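The values are calculated or read from the model by the stated rules, or taken from the named source; none is laboratory data. Just so it is clear, the structure is predicted and the values come from calculations on it, not from any experiment. Here the Cβ is made from the backbone with ideal geometry for all residues, glycine too, and neighbour counts use every protein chain on show.
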Amino acid sequence: MLKQQAVFIQKQFEFTANIRDPENTQTPAGVEERRMNIYRELFYNNIEGFISSAFPVLKTIYSDQHWHKMVRDFFIKHRCQTPLFLEISQEFLSYLQNERIPQPEDPVYLHELAHYEWVELALMISEQQTDLSNIDPNGDLLLNCPVISPLALVLSYHYPVHKLGSDFVLDCKPSTATHLIVYRNRNDKVEFMEVNPVTARLLQLLNENKTLSGQQALQQIAEELQSEQPDFIITAGHQALQQLQQQGIVLGARYSS
């Protein structure tokens, strides 16, 4: 019985290995080639379809040959930790960051663009719920603690990932970083907003310390910048918070304790 089980397990390994890498493995004995081809195409096309849907911009930057070469490499090498199709994009991102050997056709911004596209999908399917019971939508964003939507992420990249595509490519790193807020709006549509470094830092501080009032966070930024006009930064920052609230990125304020 144990011997039969071991033989069956070995056959399973041979079957899945050939589905992943048909060029470097043999068709399992006793399996018709035509039937095996059906399994090979079915599994690969499903995986490739999900990856293409999750990373449409990244796909346009590669030639068809290089794109399928990369997806096949993922299919062969990566061992997914989830059975959920919607999480294949996260597995592909993990492969790019930790397992892929850099290739000549890879753009210099491969990891950043892939991360940006993954974030869009992650926000789209997120089931995160927001407790609005202790948030005052009309609260003073300076005197009290601004609350950032959990469906809003502040991201900083070396490359302008929101502009990249087949008609806009870069070969070297820009001199300035790109700061984005990627968020799901009130209509459940994922959008992005490019912001300046001060606004990005403001949201970072508010996310890191939920007890900071808007004014305290802006005063800290003024000190970090060694600004001679802290009142200007506080006024401009207050306006930025109000604009972000209109977009649904800032939900309101909690009363500081």
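Which residue out of 182, 198 is aliphatic (A, V, I, L, M) and closer than 28 Å to residue 57 by Cα?
Among 182, 198, only 182 is aliphatic (A, V, I, L, M) and closer than 28 Å to residue 57 by Cα.
Filter the stretch 92-121 down to residues that are in contact with a strand residue (DSSP E or B) (Cβ under 9 Å, 6 or more places away or on another chain) and assigned to a helix (DSSP H, G or I) and give me whichever is nearest to residue 191 (Cα to Cα).
Filtering the stretch 92-121 for residues that are in contact with a strand residue (DSSP E or B) (Cβ under 9 Å, 6 or more places away or on another chain) and assigned to a helix (DSSP H, G or I), the one nearest to residue 191 (Cα to Cα) comes out as 120.
Find all pairs meeting these conditions: Cβ atoms under 6 angstrom apart; at least six residues apart or on different chains; first residue within the stretch 221-245 and under 24 Å from residue 183 (Cβ atoms) and free of Cβ contacts under 8 Å to residues at least 40 places away in the same chain; second residue assigned to a helix (DSSP H, G or I) and hydrophobic (A, V, I, L, M, F, W, C).
Going by the 6 Å Cβ cut-off, the qualifying pairs are 233/218; 233/222; 237/202; 237/218.
Report those helices (runs of 4 or more DSSP H) wholly inside the stretch 17-88 carrying at least 2 residues which are out of contact with any Pro (no Cβ under 9 Å at 6 or more places or on another chain), modelled with pLDDT under 90 and loosely packed, with under 11 Cβ neighbours inside 10 Å.
33-54
What pairs come up if the first residue lies in the stretch 69-80 and is in the same structural domain as residue 96 (by TED's automatic domain parsing) and closer than 15 Å to residue 49 by Cβ, the second is at pLDDT 95 or above and part of a loop (DSSP other than H, G, I, E, B), and their beta carbons are under 7 Å apart, counting only those six or more places apart or on different chains?
Close Cβ pairs (under 7 Å, with a partner that is at pLDDT 95 or above and part of a loop (DSSP other than H, G, I, E, B)) amount to 70/62.
Does at least one position in the stretch 117-129 carry a residue that is of a type in the set (Phe, Trp, Tyr) and either farther than 23 Å from residue 20 by Cβ or surrounded by 13 or more Cβ atoms within 10 Å (Cβ to Cβ) (or both)?
Yes, the stretch 117-129 contains at least one residue that is of a type in the set (Phe, Trp, Tyr) and either farther than 23 Å from residue 20 by Cβ or surrounded by 13 or more Cβ atoms within 10 Å (Cβ to Cβ) (or both).
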